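Asker: Once you've had a glance at the structure underneath, I'll fire off some questions.
The values are calculated or read from the model by the stated rules, or taken from the named source; none is laboratory data. What you see is a predicted model, and the numbers here were worked out from it, not measured in a lab. Counting neighbours? That spans all protein chains shown, and the Cβs are built from the backbone with ideal geometry, glycine included.
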Amino acid sequence: MRFLLNSVDFINEWVGKLSAWLFFGIGFCITYEIVMRYVFNSPTIWVDEVSSITQVWATYIGLAYALKHKDMIIIDVVFRNPNTIGRKILETLGLLIIIAFSFVTLWYGFELWLDSTLKGHTTDTYLALPKWFTQASIWVGFGLLALQALVEIIKVWTIGIQMPHTETLVEEGV
């Protein structure tokens, strides 16, 4: 069981870092386009579509990384101590809602991807990239998010909620 938890954490850590590098690449592509367009008066045909597709992928695959590092919105007005049963129940409820939303999105995203793949749909741009490539990011990203949420539920009940910023507040008596 521990191996499975560590594997999901490792995959989402790696994919999250890949997401950050993809955003860096988007900035590089856009900078390249600006230089080509305004300095050399020779705009490119690929930067807009490549940047858009890369941004979609980077956003969706970065969701699980954000959940793993507790970078999503956390409201802890009532239950500041992460080790109370009330906090664990609320944390689990929030993660179950994330899982439910992820499964619905994964289901319909996979359906959309499969339809586009079987019909051979392409984008309406000069590059005419296959739509399945962009649409795959939906179910891949939300699949990773659902897996990470399951791991986080297990962590809540076995090793407690690990929230460094909250633990320091609890230790200080806040």
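Asker: Quick one: which residue in Thr134, Thr117, Thr59, Thr54 is over 24 Å from Trp21 (Cβ atoms) and modelled with pLDDT of 90 or more? Walk me through it before giving the result.
Answerer: Numbers: Thr134 fails: over 24 Å from Trp21 (Cβ atoms); Thr59 fails: over 24 Å from Trp21 (Cβ atoms); Thr54 fails: over 24 Å from Trp21 (Cβ atoms).
From the options Thr134, Thr117, Thr59, Thr54, the qualifying one is Thr117.
Asker: Being more than 23 Å from Gln148 (Cβ to Cβ) and without any contact (Cβ under 8 Å) to a residue 24 or more places away in the chain narrows it down to one residue among Ile89, Ile45, Ile73, Ile34; which is it?
Answerer: On the way: Ile89 fails: more than 23 Å from Gln148 (Cβ to Cβ); Ile45 fails: without any contact (Cβ under 8 Å) to a residue 24 or more places away in the chain; Ile73 fails: more than 23 Å from Gln148 (Cβ to Cβ).
Among Ile89, Ile45, Ile73, Ile34, only Ile34 is more than 23 Å from Gln148 (Cβ to Cβ) and without any contact (Cβ under 8 Å) to a residue 24 or more places away in the chain.
Asker: Among the candidates Phe28, Phe103, Phe40, which residue alone is hydrophobic (A, V, I, L, M, F, W, C) and closer than 25 Å to Leu147 by Cα? If you could, list the steps in order and put the result at the bottom.
Answerer: Details: Phe28 fails: closer than 25 Å to Leu147 by Cα; Phe40 fails: closer than 25 Å to Leu147 by Cα.
Only one candidate qualifies: Phe103.
Asker: Out of the residues in region 124-162 that are polar (S, T, N, Q) and farther than 16 Å from Ser51 by Cα, state the one that is surrounded by the most Cβ atoms within 10 Å (Cβ to Cβ). Don't jump to the end; show me each part of the working.
Answerer: Kept after step one, since they are polar (S, T, N, Q), are these residues of region 124-162: 125, 134-135, 137, 148, 158, 162.
Next cut, farther than 16 Å from Ser51 by Cα only: 148, 158, 162.
Working: Gln148: 27, Thr158: 10, Gln162: 13.
Filtering region 124-162 for residues that are polar (S, T, N, Q) and farther than 16 Å from Ser51 by Cα, the one surrounded by the most Cβ atoms within 10 Å (Cβ to Cβ) comes out as Gln148.
Asker: If you check every pair at least six apart or on different chains, which have Cβ atoms under 8 Å apart with a residue in region 117-142 that is of a type in the set (A, V, I, L, M) first and a residue that is in a loop (DSSP other than H, G, I, E, B) second?
Answerer: Leu127/Ile45; Leu127/Trp46; Leu129/Thr123
Asker: Show me the helices (runs of 4 or more DSSP H) found entirely inside region 1-109 where at least 3 residues are surrounded by fewer than 14 Cβ atoms within 10 Å (Cβ to Cβ) and aliphatic (A, V, I, L, M). Don't jump to the end; show me each part of the working.
Answerer: Values: elements: 2-34, 47-61, 63-68.
In region 1-109, the matching helices (runs of 4 or more DSSP H) lie at 2-34.
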